Amino acid sequence: MQKKPKKESTGKAGDGAKPGIDIPKAYDSSKEMEIYKLWERSGAFNPDNIKSKKKPFVMTLPPPNANGKQHVGHMCGYSFQDCMGRYHRMKGEPTLLLAGKDHAGIQTEAVFTKYLAEQGIDKWELGRDEFYKRCYKFCIENADYAREQEKRIGLSADWSREKFTLDPALNKVIYETFYKLFDEGLVYRGQYIINQCTNCRTALANVDTEHEQKKGIFAYIKYPVVGEKDTYITVATTRPETMLGDTAVAVNPKDSRYKKFVGKMVELPLTDRQIPVIADRKVDKDLGTGALKITPAHSAIDFEIGIEHELKIVNVIDEEGLMNENAPEKYQGMKTSEASKAVLEDLDKAGLLEKVEDITHEILVCERCRSVIEQIISKQWFVNVESLAKNAIKAIDSGETTNVPKYFNRVLKNWLKDIRPWCISRQLWWGHRIPIWYCGGKELYDWLIDNPGKTAEDYEKATGNKAKGCGQVIASDEKPKGGCPKCKNAELESEEDCMDTWFSSGQWPFSTLGGPDGEDYKKFYPTDVMETMHDILFFWVARMMMLGIYRTGKAPFHTVYLHGMILAPDGRKMSKSKGNVVEPKEIFEKYGADALRLWYFSDALPGKNTPIRHEKLQGNRNFVNKIWNASRYIMFQISDFSDEEIQELDKSIGERLAGLSKSKDKWEKETFNVAEKITKYLDKYQFNLAVELNREFFWHKLCDEWIEETKNLVANKPENKIESFARLITVLAVMLKLIHPFAPFITEQVWQNLRNRGLLSGESELLMISDWPE
RNA sequence: GGACCGGUAGCUCAACUGGUUAGAGCACACGGCUUACAUCCGUGAGGUUGGGAGUUCGAGUCUCCCCUGGUCCACCA
């Protein structure tokens, strides 16, 4: 089917244009930034400039990674944040939207290291200090680009208060929190099985890892029973190379097949070690062969069993994922995958490999780089967050903090309930250094952890090494003056590791306000709404609640609004590797910021994943254009009014707006009803309904009916033209206010046009700070 | 293995604590440049709300079962 060719408008008959006035037929969204500058210059983004006795409305905005460009998904969050901010600002509440940037430790370090490598610069040659300096500069430069995008979507943040997670003022607060945790014994160094990303070369917390389906093998290996000829216990494993670190074979105590072996020893193939057969009820009889090889150093369940049975721990994989010196010499230096093949070959040669099955199973991968996680035993800094988590749960139970949508309350609580110690040390350079000094060095301290109750003298005796200090640690971000407070030793070794990024961003709602002693803190804490996406509920929201309550005694916000995820047009997650990323710039140019925002409010609803659709953006652009043209009609009609007539019109509009809530005029009454509904929707975070009602009412009532009626009225009774337009412009002005939080640019533009014509003189200069109709 | 969320018009989704005839945008059909707007206007078609049972005066909404997508958590070797 062919579409009819569109006819060009003549620009004459249909324009209704009056001589001497020239208003384009289509709204030009490329001028949106001029409007933004108008707002910025007014100073109204800064709550200090708003004189009001009302309680402030505060949102600390999620800081995007400082190192990169932002995609369409980020714009979504800003839109919701800005909408809430504008609404409350118009209600006369001193409104603070506090923006900033996150140093995003592990991710930025990876990105910047790669960036350096592309220029032929090696991170290790550069050295830590120089790396830090250059990375800092890199972030600050990139942040400028991100900020422009934030402004482009209309974000009315107080840029004078903008923060970076590595700002000195924030560092101070972040370290104070660490010291408090340390003094209360909640921060400690311990040896546990941890997730090691061999690509990023750092330890990760559980939440930094993800599960992925991968093809693998299931190998059945025969362990000869010591002293019994031709008798074997067969174990099944997906990781044959870890057998080199086995320190036991475990069976279920009720398993009749293996009962007779419990207490005996088996030979560990390919090594000269013998390991015991133990009984543990955690072993599942029906899984594999029912006999489980125990590698405490490389499996979480084995680690637990190992501790209970006081097994030796043999770590055979190093931080880079290579077989280390604890493995037989032949395998040392091999990657785990190579070692796996070699071990299988050698077992086969020895006649100890029963069979190998191909299977698909879940493995852990790094949340950032998606490479396979090695579980290794290691000493790291941990935070015991159990008590903090309990308080966070209390805040949810008491309703001090609520999630939108509600069901995330339960999701969050379940996570908090099962929480484990939080590994906060990362083997990185980019971030806050863990503020710890070791008297006598890290090696001594780590030895003391392995040998509880022992002293530095015991260390000397046991290892033959000289202890260079008393073995104490001191928490301080600067080298303690006067050395170790206990033994006065001046030679202190500093911790090299950095803190997990989320340890600092988890303090964002109060670190940005100067901490519990800050001036801003007194004015603005606790904040009101945290607007973000559900994918960082555990990473971030949970940590903010725990650390916020811990430091301040108050939950950092009363509402967590979790908007939906924006997907690519093909319905999949946007990612560079898939090549389906939509650049905000493209959308801004095609449809304008207002259209994009309106689409978010209708479609990116809590709990939903929404693919970006051009038809929908087009529809919203059309709505924006409709607003433009409604005002265009009015501007034309009043263009030939005399000065006296304009004054009369303005006066009448002013009176009508002032008496809106009590007006008996049908149009004004209906419009006020809409205002009440929109207010209700905004208070309940039902943005989609608000936008729908705005669109419905503006388009199908104001435009389709009332403008048409006005045309007739004016034609039939020209003597009533001022009254007719006063009604019309009054309802238009109210609608501009009601639409402004959603589509700020077009509404402000129309407002300015009316003001420039001498109307709305009793109202604020800027729509942005005009009074919300209520 | 545990938990959670969906399944409503061709598509993407609405419908607040159960309450008129289940809505919108886009797409579709037909007709229109009517003096703001063709990024528009008018008219129209399109739904047994995944299936089944139950509670109720009344169910898309509450309960149970089934089918079917999706997400998160978890130490299945």
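Given (1) outside any loop (DSSP other than H, G, I, E, B); (2) within 12 Å of RNA strand B (Cβ to nearest atom); (3) open to solvent by 20 Å² or more (accessible area, probe 1.4 Å), identify the lone condition not met by A:Pro276.
Failed condition: (2).
Can you give me the ranges of the helices (runs of 4 or more DSSP H) entirely in the range A:37-127 with at least 3 residues that are closer than 24 Å to A:Thr532 by Cα? Break it down into steps so the answer makes sense when it comes.
Working: elements: A:72-90, A:105-118, A:123-126.
Answer list for the range A:37-127: A:72-90, A:105-118.
Can you pull out the residues in the range A:443-460 that are surrounded by fewer than 18 Cβ atoms within 10 Å (Cβ to Cβ) and assigned to a helix (DSSP H, G or I)?
A:Glu443, A:Asp446, A:Ile449, A:Asp450, A:Glu457, A:Asp458, A:Glu460
Within the range A:582-607, track down each residue that is assigned to a helix (DSSP H, G or I) and surrounded by fewer than 19 Cβ atoms within 10 Å (Cβ to Cβ).
Answer for the range A:582-607, where residues must be assigned to a helix (DSSP H, G or I) and surrounded by fewer than 19 Cβ atoms within 10 Å (Cβ to Cβ): A:Lys585, A:Glu586, A:Glu589, A:Lys590.
Being near RNA strand B (Cβ under 9 Å from one of its atoms), open to solvent by 10 Å² or more (accessible area, probe 1.4 Å), free of Cβ contacts under 8 Å to residues at least 60 places away in the same chain and part of a loop (DSSP other than H, G, I, E, B) is the filter here, so list the residues in the range A:281-304 that pass it.
Listed by number, the residues that qualify are A:Lys282, A:Asp284, A:Lys285, A:Asp286, A:Leu287.
Scan the range A:241-268 residue by residue and report those that are out of contact with any Lys or Arg (no Cβ under 7 Å at 6 or more places or on another chain) and within 10 Å of RNA strand B (Cβ to nearest atom).
Within the range A:241-268, A:Thr242, A:Ala250, A:Val251 qualify.
Restricting to the range A:570-589, what's the tally of residues that are within 10 Å of RNA strand B (Cβ to nearest atom) and in contact with a Lys or Arg (Cβ under 8 Å, 6 or more places away or on another chain)?
Count: 1.
Given the criterion in a helix (DSSP H, G or I), open to solvent by less than 50 Å² (accessible area, probe 1.4 Å) and more than 19 Å from A:His432 (Cα to Cα), identify the matching residue among A:Gln196, A:Gln149.
On the way: A:Gln196 fails: in a helix (DSSP H, G or I).
Unique residue meeting the criteria: A:Gln149.
Taking A:Leu760 and the conditions (1) touching a Leu at 6+ places or on another chain (Cβ under 7 Å); (2) part of a helix (DSSP H, G or I), which numbered condition does it fall short on, given that it satisfies the others?
With (1) touching a Leu at 6+ places or on another chain (Cβ under 7 Å); (2) part of a helix (DSSP H, G or I) applied to A:Leu760, the lone miss is (2).
Helices (runs of 4 or more DSSP H) wholly in the range A:461-580 with at least 1 residues that are open to solvent by 60 Å² or more (accessible area, probe 1.4 Å) - which ones?
Result: A:519-524.
Give the number of residues within the range A:152-190 that are in a helix (DSSP H, G or I), open to solvent by 10 Å² or more (accessible area, probe 1.4 Å) and either in contact with a Pro (Cβ under 8 Å, 6 or more places away or on another chain) or closer than 30 Å to A:Ser30 by Cβ (or both). Step through it out loud before you land on a result.
We begin by selecting, within the range A:152-190, every residue in a helix (DSSP H, G or I); these are A:152, A:159-161, A:168-183.
Next cut, open to solvent by 10 Å² or more (accessible area, probe 1.4 Å) only: A:152, A:159-161, A:168-169, A:171-172, A:175-176, A:179-180, A:182-183.
Narrowing the set further to residues that are either in contact with a Pro (Cβ under 8 Å, 6 or more places away or on another chain) or closer than 30 Å to A:Ser30 by Cβ (or both) leaves A:152, A:159-161, A:175, A:179.
So the count comes out to 6.
Is it the case that some residue within the range A:398-406 is outside any loop (DSSP other than H, G, I, E, B) and more than 19 Å from the chain's Cα centre (by Cα)?
No; the residues of the range A:398-406 include none that is outside any loop (DSSP other than H, G, I, E, B) and more than 19 Å from the chain's Cα centre (by Cα).
The values are calculated or read from the model by the stated rules, or taken from the named source; none is laboratory data. These numbers come from a predicted model, not from an experiment. Cβ sites come from the backbone with ideal geometry, for glycine too, and all protein chains shown count toward neighbours. When the accessible area is computed, the model is the full protein with side chains, heavy atoms only, and any ligands, DNA or RNA have been set aside. Shrake-Rupley method; radii C 1.70, N 1.55, O 1.52, S 1.80 Å.
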